[in-house]
Each structure stands twice: as structure tokens, then as C-alpha cells.
1. Going Cα to Cα from Lys9, which aspartates and glutamates come in below 18 Å? Please leave out same-chain ones fewer than 8 positions away.
2. For the range 71-96 and the range 146-213, compute the distance between their C-alpha centroids and round to whole Å.
3. Could you tell me which of rounded, prolate or oblate describes the range 150-201, using a ≥ b ≥ c as the square roots of the eigenvalues of the alpha-carbon gyration tensor, with rounded for a/c under 1.5 and, failing that, prolate when a/b is larger than b/c and oblate otherwise?
4. Which pairs, out of Lys7/Lys123; Lys123/Lys165; Lys18/Lys182; Lys94/Lys128, put more than 20 Å between their alpha-carbon atoms?
5. Mind checking the range 141-193 for GluC sites (Glu not before Pro) that DSSP puts in a loop (not H, G, I, E or B) and that have at most 15 other Cβ atoms within 10 Å?
6. Once the other residues with Cβ under 9 Å from the Cβ of Arg58 are scored (Lys, Arg +1; Asp, Glu -1), what is the net sum?
7. Return the sequence-ordered ³J(HN,Hα) values of the range 189-206 in whole Hz as given by the Karplus equation 6.51 cos²θ - 1.76 cosθ + 1.60 applied to θ = phi - 60°, using x for Gly and Pro.
8. For the range 98-147, which trypsin sites (Lys or Arg not before Pro) are in a loop by DSSP, counting at most 13 other Cβ atoms within 10 Å?
Amino acid sequence: MKENLEKYKKDIQNMSAKEIIQWAFDSFGEKNVILASSLSVEDQVLTDMVCELAESPRVLTLDTGRLFQESYDVIQMSMDKYKISYEISFPEAKEVLDLVTEKGPNLFYNSVMDRKECCYVRKVRPLKKSLEKASLWITGIRKDQSVTRENLSHVEWDNHFGLYKINPILDWSEKDVWKYIKKNKVPYSSLQDKGFLSIGCAPCTRAVEKGQDIRAGRWWWEAPESKECGLHVSA
Ligand code: SF4
């Protein structure tokens, strides 16, 4: 499968975000394509697009057990607007139990290693399990979100999870995202209006000051280079 990557890159090089998603449905089949949504504004744009383009869109989200109430509100609002059911993925109870028993409920503040272990158990493993039932996943990654995302392409082979991955709004600016959200009345987290510009789990996210990098509120105690949860590892 991986050998088609260069062809796919050429196929979609001049396509818009919606055209890239349509290409994915046509090339891989709707039931084999899944949007992995973190409920961010970017993923809400993509939820709106896949719900417009697919008859039975597959939208996955990870319930880490540490989400904000406002994130559950986004799920509910989207279910109501788009008449969809989410594929909600939970971590294995035993793994979470072992982790918090050994290291405590707030282990993520101990070290980068402990934080990554928490992300691995609560996010990476559940995502890996869910992606086994897909051939391609859609992400809302944008290049200007962080230094770790500057060299990505619109289509990639995801070595880590063993399937193709498309990033349809890779080149969009934050302004483009908000323009789409407002124009199409797309539901989004009320935390966005309180300065939470990139939202993950509650204990690992805080509001940012005006002018600060949008991901500055994620794992704010760590250096920028380590700020990924393991979901987006380059091939
Ligand atoms: S973001 Fe924080 S609470 Fe959520 S999985 Fe990662 S370390 Fe754990």
C-alpha cells in the first residue's frame, strides 16, 4: 500500500480540502475512511465537511477520561446538528488503573516520560485499536500549529499506525478556520472564547495570552519540541 504514496501526492496536489476528502472516499471507500476528531475547531471544520460529503461518515473521538465538560458539549452539539453517532474510543480500564495506582492521578506533571506514558495509555493505544478498522484517517493538522508539524504533506503513509493519513487543511491559517466555522455555523467549544485555543485534556490545557502561540497552553510546562501526544508521528 505504501508504494502508492508518491502517486497519491500528485493526485491531490492542487485539490481543495473538500476535494481531498472526496478523493479519499472515492479511492478508499467511505467505510474505510475515518476522521479522528479531537473536537478542535479544525476537526469541527472537517466534521462539517465529511458530514456533507459522506452518507454514513465515520467520526472517531477519544474519551481519555480527563476531558473538559465543554468537550462533551461539542460532541452533543455535533450529534444534534449532523445526526451522527461518534465512534468513541476509551482507554483500557486496567491500564489506567495500573498507571494511576503506581504514579498517581497527576503523573503528567512529573516528567515528559510520565506525561507521554499517560498519553500513550489514554490516547495512542485506543486510537491504534480504532484505526485498525480503517485504511485512511483524516486529521485536522495545520502547519502553523507547531514546530513539530512544519514538514508534513497533505497525504502521508503513517508508519506508526500502518495506514494512510490525509491532512486536508494543512495549509489553512487560523483565520481560514474561523471563517469556515462562522460561515457554516459549525459547533465549537465555548472554551475557545475564553482563550483556550488548542484544547486537550483538562489538566494539560490552559488558556493562552493574546499573541501567544496557539499551542502554548498545551503541556505548558514542557519545551515546544516535546509537545506532541504521540498521535501524529511523521512517517
Ligand atoms: S493530555 Fe494529559 S491527561 Fe490527557 S492523556 Fe495526555 S498526559 Fe494524560
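1. Cross-link targets: Glu19, Asp26, Glu150, Glu156, Asp158, Asp171.
2. 18
3. Because a/c hits 1.5 or more and a/b exceeds b/c, the range 150-201 counts as prolate.
4. Beyond 20 Å: Lys7/Lys123.
5. Glu150
6. Charge balance in the 9 Å sphere: 0.
7. 5, 5, 5, 4, 7, 10, x, 8, 8, 9, 10, x, 6, 4, x, 10, 9, 9
8. Qualifying residues, ordered by number: Lys133.
Laboratory data are not the source of any read-out in this text; all were calculated from the coordinates shown. Note that the coordinates shown come from a computational prediction; the quantities given were computed from them, not determined experimentally. No Cβ is skipped: glycine too gets one built from the backbone with ideal geometry, and neighbour counts run over all protein chains shown.
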